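Structure first, then comments.
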Amino acid sequence: MTETSDAELTIDLGAVQGNYQILSGYLPAAELAAVVKADAYGLGMSRIAPALRHAGCKTFFVATCAEGIKLRAILNDADIHVFNGPLPGEEPDFTEARLVPVLNSLEQLAIWSAHCAGSETTCAADIQIDSGMTRLGLDMKDLARLESEPDLLAPIEVDVVLSHLACADQPEHPMNTQQLASFEAAGANIKGKRLSLASSSAIYLGPQYHFDLARAGAALYGVNPTPAKPNPMRQVIRIQGKILQVRSVDTPRSVGYGATHRATRPSKIATVAVGYADGYLRSLGNAGTAYIDSHEVAVVGRVSMDLTTLDVADVPDELLALGRPVDLVGPFNPVDRLARQAGTIGYEILTNIGRRYRRRYVGWEGMPEGTPEGMPE
Ligand SMILES: *Cc1c(COP(=O)(O)O)cnc(C)c1O
């Protein structure tokens, strides 16, 4: 058993599938690939990937070769691409698991090309272009080199030519059109089967960003791809902690490590069995809010490893009994809101979700056999 707490993480697979349909609806002419790196953003690739496959998704992206091997064991018939591409020595693992590497540099291109030259079957790969992110991908100089030495690409069958936007969640940002222009210019010089530029947010920048294939991660998991507007996605997760104790507090008295909160009125403090070890970030101390039923309550004092304290002065006592649930993420406080309170983004909240939660997958019955209930991989 990996679950050691009574706090509960509910993951709505039906909502993930619904989000796949919502995003696909914005892409009448392009295919939608699902990004399931980092264990499907912390939500459990072994459950998320089959749910998405069932929703019609054929193409999946992961970050590393090891993630690709794991995904291949879950989905035998999917098209699996690996963003980070091969590190030296990993080439046979890619072939064995039928993974398509993204080649991000001339160095990676050279090792994959050498591997392919010795193989009998065709050898597919994607090529990433750095259109302005300065992180991964071939730059203009690399592309010129490819043009003058076409043999570098000879043994490789280029599938997706891709790039990634730095500011897609800010529709007015000038980087978007600049990157679009350099991607179009560079993409014209490499003969691949398909072009791909859009991640979740970029899908909402308009059809000129869609090309042949969009790659969505966060939006599938309920994070708002359009931060300045209401969230078009369905919420996917709910996190419920349980009340361990409620104390009446007379002033003056401090709460928690460092005595950072001082009660200034007679109050009630509830202690909930969730802490930063569960991914309830320490930065939520004196900053986060939670819900007990429909009552909003504030985190007071620091978040500790396994415990968090809430000011529940205005909550009726019958909602505060031992074991009563507290929504740390729920219908009234979605992931993006918690992220704002913590000074981060929804992506970081999701990928920090701890291993102790009792995990419940709901909303889709077609779960694969063999994964014990509640077991993250
Ligand atoms: C993670 C990632 C994505 C998915 O981004 P979201 O914003 O989560 O949709 C797409 N493309 C690349 C290259 C990525 O690294």
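Read the figures in this text as sums done on the coordinates, not as results from a lab. Keep in mind that this is a model prediction, so the values were computed, not measured. We place every Cβ from the backbone using ideal geometry, glycine too, and count neighbours over all the protein chains shown.
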Problem - Neighbourhood charge, 10 Å Cβ-Cβ cut-off, centred on H115 and excluding it, Lys, Arg +1 and Asp, Glu -1 - result: -2
Problem - Length-normalised contact order of segment 13-221 in % [C-alpha pairs under 8 Å, at least 6 apart] - result: 20 percent
Problem - Expected 222 nm ellipticity per residue - DSSP helices of 4 or more, -39500 (n - 2.57), all of the chain, to 500 - result: -7000 deg cm²/dmol
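If you build the convex hull over the alpha carbons only and average its shadow over all orientations, what do you get for the chain? Give it in nm² to one decimal. Working shown, then result.
On the way: hull surface 82.0 nm².
Hull-based average projected area comes out at 20.5 nm².
Run through segment 1-78 and list the trypsin sites (Lys or Arg not before Pro) located in a DSSP loop whose Cβ has at most 15 other Cβ atoms within 10 Å. Kindly include the intermediate steps, with their values, before the conclusion.
Numbers: sites: K37, R47, R53, K58, K70, R72; in loops: K58.
Here the trypsin sites (Lys or Arg not before Pro) that fit, given the DSSP loop and packing criteria, are K58.
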Handout entry: Distance between modelled label sites at A110 and Q170, nm, 7 Å Cα→Cβ extension
Key = 3.7 nm
Exercise for the section: Report, in cubic angstrom per residue, the convex hull volume of the C-alpha atoms of segment 13-221. Expected result: 110 Å³
Problem - For segment 237-344: relative contact order, % (alpha-carbon pairs under 8 angstrom, 6 or more apart) - result: 33 percent
Practice task
Sort by residue number and name the cysteines in the chain that have no neighbouring cysteine Cβ under 4.7 Å.
Solution key: C57, C65, C167
Handout entry: segment 237-344 shape via C-alpha gyration tensor axes, a/c threshold 1.5
Key = oblate
Handout entry: Of K70/K242; K141/K193; K37/K242; K58/K141; K193/K229, those spanning more than 26 Å from alpha-carbon to alpha-carbon
Key = K70/K242; K37/K242; K58/K141; K193/K229
Practice task
Determine the relative contact order of the chain: mean sequence separation of Cα pairs under 8 Å and six or more apart, normalised by residue count, in whole percent.
Solution key: 20 percent
Fill in the blank from the handout: Amide H neighbours of V100 at under 5 Å, excluding residues fewer than 5 places away on the same chain, with H built from the backbone geometry, are I80, H81, V82
